[in-house]
Amino acid sequence: MSEQALAPVSSGNSPKFSGGPTTSGASKTRSSKWIANQRKLAPWLFLAPGVVMFLVYVIAPIGQSLWISLYEWDGIGVKTFISIANYIELIDDEAFYTALYNNVLWLVLYMLAVPAGLLIAIFLNQTVTGIRIYKSLFFFPFVISQIVVGLIFSWFYAPNFGLFTKLLEFMGMEGIAILADERFVTYGIIVAGLWPQIAYCMILYLTGLNNVSPDQIEAARLDGAKGWKMLWYVIIPQLRPATFIAVVVTIIGALRSFDLVSIMTSGGPYGSSRVLSYYMYEQALSEYGFRMGYGAAIAVVLFAIMMVFITLFIVRMLKDEREGY
C-alpha cells in the first residue's frame, strides 16, 4: 500500500483542534496558581476586617489628634493654625508637670499588680479546701466597673464613717482624710486602682499556669529544685506570654487612669491628684477649657510616653527570646 493511501484525507469540513490543548493548559495553570496561593491569601482575608477597624478606630484618631494639636480650636468655631505653640505652652505649665509626676507615680506603683497577681495565681492554682470560694473573692474586683470601685474606696476613705478611719482609730491613731490631703490623695487612688488590676493579672497568670509543662517541673524536682528556685528558673520562664500581656495592660491602665480620678476627687484637692488623661479632659471638654488643640497636645504627649514604655518592653522581650531565655 502506498504512503499516499495511509495519509489522512483533508477536507474543508473537518474540525480543527489547534487551539484546544493550549487553552486547556492555560486554564489548568491559572487554577493551580489559585490553589497554590489560597493558603497565602487566607490569613490576609481573615485579618482584613481587624486591620480595617484598627486603621479606622486607632491609627486615624491618633493622626487626627496630632493634627488638631497644631491648631487653636474650641471644638465649634474656626480652627487657627498655631504650629507647635501648644507644645511650647506645655513646657511652662505647672499643672502639666503635676499631672506628669502623678502619672509616673501611677506607673511605678501600678507595676506591683504584676507580681501580686502572680503570687495570688500560684496560691489559687493549688488544691486547697474551699479554693472555689477564694477564686470567687479574688475574681470579684475584675467583674465590677471602675466607677463602682471608685465609689467603694471613696466610702472606705471617708473621714467620718469610713472603714479606714475606724481602723486607724482602733489602733490608737488619728484618722486621716486621704482624699482631702495633697500628700496622700494620689496614693489612695492608686490603691483603689490596684484592687481590680491585681485581679486582672491573676486571671492572666492562672491561664498561663495551666499551660506550664509538668514534665519540666518533674525534671526540676528530680534535680532538687523547689520553692523560689522552682518559681524563678522553671515556672516564670514559661509564663513569658502572660507576663508580656500583664505588663502592657498594666502600663496602659496606669497611664490612662481617668475614671478613678474623676469619680474620687475630680483632680483635687487643688489639682494635686490630676493625671494627664484627666488634665486633657479638663482642657478640652470641661467648662474650664474647651481648648481642643491644647487637650490634643496633652493626648499626644501621653501617647508618646505610653509607646516609649511599651516599645522598650517589647524590645527586651524579643532580645530575651533570641538569646533563648
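Read the figures in this text as sums done on the coordinates, not as results from a lab. If you're wondering where the values come from, they're calculated on a predicted model, not measured in any experiment. Backbone-built Cβ (ideal geometry, glycine too); neighbour counts: all protein chains shown.
Axis angle, to the nearest 10 degrees, between helix 292-322 and the longest C-alpha principal axis of the chain: 70 degrees.
Given their separation in residues at 0.36 nm each and the Cα-Cα distance between them, K40 and N211 gain 58.6 nm when the chain is fully extended. For the chain, adding -39500 (n - 2.57) for each run of n ≥ 4 DSSP H residues and dividing by the number of residues yields -21000 deg cm²/dmol at 222 nm. For the stretch 36-180, the Stokes-Einstein estimate of translational diffusion at 37 °C and a viscosity of 0.692 mPa s comes to 150 µm²/s, using the Kirkwood hydrodynamic radius over alpha-carbon pairs.
So for the stretch 172-325, averaging the separation of alpha carbon pairs under 8 Å that are six or more residues apart and normalising by length, what relative contact order in percent results?
That works out to 21 percent.
On a full-extension model of 0.36 nm per residue, what is the gain between V78 and I122, subtracting their alpha-carbon distance, rounded to one decimal in nm?
That works out to 10.1 nm of additional length.
Relative to the current alpha-carbon distance between R183 and K229, full extension at 0.36 nm per residue lengthens the span by 12.6 nm.
With a cut-off of 12 Å between beta carbons, the residues surrounding M230 carry a summed charge of +1, where Lys and Arg count +1 and Asp and Glu -1.
Taking the C-alpha atoms only, the angle from helix 146-156 to the longest principal axis of the chain is near 20 degrees. Taking other C-beta atoms within 10 Å as the exposure proxy, E282, E72 rank E72, E282 from fewest upward.
Each of V308, V301 was scored by other Cβ atoms within 10 Å of its Cβ. Arranged with the fewest first, they read V308, V301.
Once the Cα atoms are used to define both axes, helix 94-110 deviates from the longest principal axis of the chain by about 70 degrees.
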